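Everything on this sheet refers to the single structure shown next.
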Amino acid sequence: MGDVSTLNNGLTVAYDEVGSGNPFVLLHGFPHNRSLWAPQTSALVEHGRCIAPDLRGFGESGREGPYSMEQYAEDVVALLRNLGIERAVIAGLSMGGYIAMALWRLRPQMVRALVLADTRPGADSPETRDKRTDLMAVAKAEGPAAVANTQIAGMVGASTRAQNPALVDGLHQMLAAAPVEGIVGALQAMMNRPDSTHLLPTIDVPTLIIVGEEDSLTPVKESRAMHAAIPGSRLEIIPGAGHVSNLEKPAAFNHVLSEFLSALNYA
């Protein structure tokens, strides 16, 4: 746990690695870090070689630009190559899902299977772009704690807010620890990302779609539409979970993910 790799582009990437065997990568969302995946890295160690990096600008990874979905994807490719991995299961939550789709667009030969959790394929609407611009201004003027204050309500479901205030507080601390450079860069990258909807029918690797029933940021209807567009995909809706379904309902999330990983044929 807690390894560091310097990529060929000079970026230093911090990551956790547990287990052995067939590799799978866990990509966190915005403005998280790799600790988001703690309930998975500890529970799924028997299901393969799990790698959870801090994305560029977050956690303990380097903060220098440029920032784009394509650059995040190439960072993941470079990390995998440093680790001697040619092909892996790519799992991404929220912004991590955008990166997973960018990987499919840019390097499909490296994607063994996909897990798209609490995410969407479409580009930002003008309204969402305006909100991201406002959030960049908040980050620059008031810092990451102010960003955390604006983001936390939408990040978790109503059930979690009512039943697990300690989890909400812990998540708030994670958001408030995000570097301003990473926040601003990620917001720009999300604003400028291309629409990936047209890619969905081209996905011909096993694909699992997971969404929290109470996710208000990327609602269930988005996941249902992805499920309909990706041939042979599997959709799992997690009751009582919001946008960070892996953290809010880890037992349910881990059960679904472990089933999916176990069923993959590596022959």
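The values are calculated or read from the model by the stated rules, or taken from the named source; none is laboratory data. Only a predicted model underlies this, so the values are computations on that prediction, with no experimental measurement involved. All Cβ positions, glycine included, derive from the backbone under ideal geometry; neighbour counts span all protein chains shown.
Rundown of residues vs (1) more than 25 Å from Cys50 (Cα to Cα); (2) modelled with pLDDT under 95; (3) surrounded by 20 or more Cβ atoms within 10 Å (Cβ to Cβ); (4) hydroxyl-bearing (Ser, Thr, Tyr), yes/no style:
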residue	(1), (2), (3), (4)
Pro201	yes, no, no, no
Pro219	yes, no, no, no
Ile237	no, no, no, no
Val244	no, no, yes, no
Leu257	no, no, yes, no
Ala267	no, yes, no, no
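Scan the range 99-113 for residues that are in contact with a helix residue (DSSP H, G or I) (Cβ under 9 Å, 6 or more places away or on another chain) and either within 17 Å of Ala52 (Cβ to Cβ) or surrounded by fewer than 24 Cβ atoms within 10 Å (Cβ to Cβ) (or both) and jot them down. Of everything in the range 99-113, those that are in contact with a helix residue (DSSP H, G or I) (Cβ under 9 Å, 6 or more places away or on another chain) and either within 17 Å of Ala52 (Cβ to Cβ) or surrounded by fewer than 24 Cβ atoms within 10 Å (Cβ to Cβ) (or both) turn out to be Ile99, Ala100, Leu103, Trp104, Arg105, Leu106, Arg107, Pro108, Met110, Val111, Ala113.
From the list Ser262, Ser258, Ser245, which residue is of a type in the set (Ser, Thr, Tyr) and either over 23 Å from Met110 (Cα atoms) or touching a strand residue (DSSP E or B) at 6+ places or on another chain (Cβ under 9 Å) (or both)? Step by step, each of Ser262, Ser258, Ser245 is checked, and only Ser245 is of a type in the set (Ser, Thr, Tyr) and either over 23 Å from Met110 (Cα atoms) or touching a strand residue (DSSP E or B) at 6+ places or on another chain (Cβ under 9 Å) (or both).
When Glu127 is tested against (1) without any contact (Cβ under 8 Å) to a residue 40 or more places away in the chain; (2) of a type in the set (Asp, Glu); (3) over 30 Å from Gly240 (Cβ atoms); (4) in a helix (DSSP H, G or I), just one condition goes unmet, and that condition is (3).
Taking Val256 as the residue in question, decide whether it is under 18 Å from the mean Cα position of the chain (by Cα), within 24 Å of Ala38 (Cα to Cα) and not hydroxyl-bearing (Ser, Thr, Tyr).
Details: under 18 Å from the mean Cα position of the chain (by Cα): yes; within 24 Å of Ala38 (Cα to Cα): yes; not hydroxyl-bearing (Ser, Thr, Tyr): yes.
Considered against the rule, which asks whether it is under 18 Å from the mean Cα position of the chain (by Cα), within 24 Å of Ala38 (Cα to Cα) and not hydroxyl-bearing (Ser, Thr, Tyr), Val256 comes out as yes.
Here are some residues: Arg161, Arg193, Arg132, Arg120. Which one is among the charged types (D, E, K, R) and under 21 Å from Leu235 (Cα atoms)? The unique qualifying residue is Arg120. Within the range 199-223, residues that are touching a residue at least 60 places away in the same chain (Cβ under 8 Å) sit with their Cβ atoms under 6 Å from residues that are aromatic (Phe, Trp, Tyr) and surrounded by 19 or more Cβ atoms within 10 Å (Cβ to Cβ), at 6+ positions apart or across chains, in these pairs: Leu208/Phe260. Considering the range 114-137, and only residues there that are of a type in the set (Val, Ile, Thr) and surrounded by fewer than 16 Cβ atoms within 10 Å (Cβ to Cβ), the residue that is farthest from the chain's Cα centre (by Cα) turns out to be Thr133. For the range 34-60, a residue qualifies if it is touching a Pro at 6+ places or on another chain (Cβ under 7 Å) and more than 21 Å from Glu248 (Cβ to Cβ), and the qualifying residues are Gly48, Arg49, Ile51, Gly57.
Of the set (1) in contact (Cβ under 8 Å) with a residue 40 or more places away in the chain; (2) surrounded by fewer than 17 Cβ atoms within 10 Å (Cβ to Cβ); (3) within 30 Å of Leu11 (Cα to Cα), all apply to Gln173 but (1). Of all the listed residues (Arg49, Arg107), the sole one being in contact with a strand residue (DSSP E or B) (Cβ under 6 Å, 6 or more places away or on another chain) and at pLDDT 95 or above is Arg49.
For Ser223, the test of being surrounded by 17 or more Cβ atoms within 10 Å (Cβ to Cβ) and hydroxyl-bearing (Ser, Thr, Tyr) is passed. Looking only at residues in the range 78-98 that are of a type outside the set (Lys, Arg) and over 21 Å from Leu36 (Cα atoms), the one that is surrounded by the fewest Cβ atoms within 10 Å (Cβ to Cβ) is Gly84.
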